[in-house]
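One structure is given below, encoded as structure tokens.
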Amino acid sequence: AKKQGGNKVIVYSEKLLESNIERPKLEARLRKAIENGKVEVYYQPKLTVDLGKIFGMEALVRWNDEEFGFVSPELFISIAEDIGLIHPLWEFVMKEACLQVSKWNLNRSEPLSVSVNFSAHQFQEPCSMVEKVKEVLSESQLSPSNFEIEITESILLNNSTEIVQSLKSLQSMGIAISIDDFGTGYSSLNYLKNLPINTLKIDKSFIQDIHEDYANSEIPEAIINLARSLHLNVIAEGVEKEHQRDFLLSKNCTQMQGYLFSKPLNSEEFERLLQRE
Ligand code: C2E
Ligand code: CA
Ligand code: CA
């Protein structure tokens, strides 16, 4: 058994879950959980650290199975992709997140902005994806300018004009587009100039490499400079240590997300955090 997120215990090891023995059962339970709305959306705050303010959050899906315990999103998302459930899962997360944040924003002078992770599968039918986003935003009454999508570089490198068009139409509504795990792809950087992108999200592996004496900080620094010269927004994820925060602040990268500030929280916990602000 492995501990995760405080007192929650995973009963089964991930190894066992990945094995062929447990897999069919896991698939069946995941299917049920998605159908019955038993997956949950957690929210990890994003801060403007120099101001000490939360400006938004990333929506992260959680599945706490009665028998298997918390199953890591990386595992169950890849299963959902395999068995054709990534679409309903995505819709669920997006709806839930938009409704929740729209509610929170009613009581705020400065609205929060929520980001949702889009997997490559979401781009198989770009037009209907855009329609679905519009529908969810209008039903939840969340302003498009308070909605952001996180995608990985690989989606853009597809070189599909349909995908680029769909991103452009989202962007023209005011939705921000963020490149997740930035720096871990192996692409040319050429696409950054021509494609609809608002934000580079520095991958947590680079942030974690930053040493106390700021050794190993060359890559995050280069990404910050790149973002600046292309007039893109930049955020660092996986900030765990004070010296990592201090390094980023010294380079004027003020938007951050990570355990140093908060783990992903369920909606009750997040609400309490907002009330303490
Ligand atoms: P990601 O999009 O890169 O999300 C960031 C991951 O880093 C999250 O893991 C988060 O809990 C974790 N994290 C946050 N702060 C820190 C920190 O300071 N240190 C470290 N070591 N980790 C930190 P999580 O929630 O387990 O999600 C893993 C991945 O699963 C995500 O990576 C994302 O690719 C995927 N995922 C999660 N939710 C969704 C979703 O709703 N849809 C899709 N398509 N993918 C999702
Ligand atoms: Ca993400
Ligand atoms: Ca990431």
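Rule-based calculations on the coordinates, nothing more; no lab input. No experiment lies behind these values; they were computed from the predicted model shown. Ideal geometry is used to build each Cβ from the backbone, glycine not excepted, and the neighbour counts take in all protein chains shown.
So for the range 26-157, taking the charge dipole from beta-carbon charges (+1 Lys/Arg, -1 Asp/Glu), which of ALA59, LEU85, LEU26 sits furthest toward the positive end? Comparing the listed Cα positions along the dipole, ALA59 ranks first. In order along the range 257-264, phi translates into HN-Hα couplings of 8, x, 4, 4, 9, 5, 6, x Hz, rounded to whole numbers, per the Karplus curve 6.51 cos²θ - 1.76 cosθ + 1.60 with θ = phi - 60° and x for Gly and Pro. Placing +1 on each Lys and Arg Cβ and -1 on each Asp and Glu Cβ, with no other charges, gives the range 188-277 a dipole about its Cα centre of roughly 360 debye. Note that the range 150-263, at 4 °C in a medium of 1.567 mPa s, gets a Stokes-Einstein diffusion coefficient of 89 µm²/s from its Kirkwood radius over C-alpha pairs.
Over 26 Å apart at the Cα level, from the set LYS103/LYS193; LYS46/LYS95; LYS32/LYS95; LYS193/LYS251; LYS132/LYS204, are LYS103/LYS193; LYS132/LYS204. A simple rule links phi to the HN-Hα coupling: the Karplus curve 6.51 cos²θ - 1.76 cosθ + 1.60 with θ = phi - 60°, which for the range 24-35 gives x, 5, 4, 4, 5, 5, 5, 4, 4, 4, 5, 4 Hz, with x for Gly and Pro. The length gained by stretching the chain between SER72 and LYS193 to full extension, at 0.36 nm per residue less their Cα-Cα distance, is 40.1 nm.
Go ahead and estimate [θ] at 222 nm for the chain from helices alone: -39,500 (n - 2.57) per DSSP H run with n ≥ 4, summed, over the residue count, rounded to 500. Walk me through the numbers on the way to the answer.
Working: 12 runs with 122 residues, N = 277.
Value at 222 nm, helices only, nearest 500: -13000 deg cm²/dmol.
The GNM of the chain, with springs linking C-alpha atoms under 10 angstrom apart, assigns the highest mean-square fluctuation among ASN158, ASN225, ASN198 to ASN158. Magnitude of the charge dipole for the chain, about its Cα centre and with charges confined to Cβ atoms of Lys, Arg (+1) and Asp, Glu (-1), is about 420 debye.
Backbone amide hydrogens, once placed in the peptide plane, bring VAL71 within less than 5 Å of TRP63, ASP65, excluding anything fewer than 5 places away on its chain. For the range 72-212, the mean projected area of the C-alpha convex hull, equal to one quarter of the hull surface, is 10.3 nm². Taking label points 7 Å from Cα along the Cα-to-Cβ direction, SER229 and THR184 give a separation of 2.6 nm.
Taking label positions 7 Å along the Cα-Cβ direction at both SER138 and ASP246, the computed distance is 5.2 nm, reported to one decimal. Residues whose amide H falls under 5 Å from that of VAL234, counting only those 5 or more places apart or on a different chain, are LEU200, with hydrogens built in the peptide plane.
Spacing of the modelled spin labels on GLU162 and ARG31, each 7 Å from Cα toward Cβ, amounts to 2.7 nm. Size estimate for the chain follows the Kirkwood approach: the inverse of mean 1/r over distinct Cα pairs works out to 19.7 Å.
At q = 0.26 Å⁻¹ the log10 of I(q)/I(0) for the range 200-274 amounts to -1.15, computed by Debye summation with a single uniform scatterer per C-alpha, solvent ignored. Taking GLU27, GLU74, GLU221 as the candidate residues, the one with maximal mean-square fluctuation in a Gaussian network model of the chain, Cα springs under 10 Å, is GLU74.
Just to confirm the filter: which chymotrypsin sites (Phe, Trp or Tyr not before Pro) across the range 134-200 are DSSP coil and have at most 14 other Cβ within 10 angstrom of their Cβ? Mind dumping the intermediate values first?
Values: sites: PHE147, PHE182, TYR186, TYR191; in loops: TYR186.
Here the chymotrypsin sites (Phe, Trp or Tyr not before Pro) that fit, given the DSSP loop and packing criteria, are TYR186.
Normalising the average separation of contacting C-alpha pairs (under 8 angstrom, six or more residues apart) by the number of residues puts the relative contact order of the chain at 17 percent. 3J(HN,Hα) along the range 142-151: 8, 5, x, 6, 9, 10, 9, 10, 10, 10 Hz, from the Karplus curve 6.51 cos²θ - 1.76 cosθ + 1.60 with θ = phi - 60°, whole Hz, x for Gly and Pro. Amide H contacts under 5 Å for THR152: ASP180, restricted to partners 5 or more places along the chain or on a different chain, H placed in the peptide plane at 1.01 Å from N. If the chain linking GLU91 and SER169 were pulled fully straight, counting 0.36 nm for each residue of separation and taking away their Cα-Cα distance, it would gain 26.2 nm.
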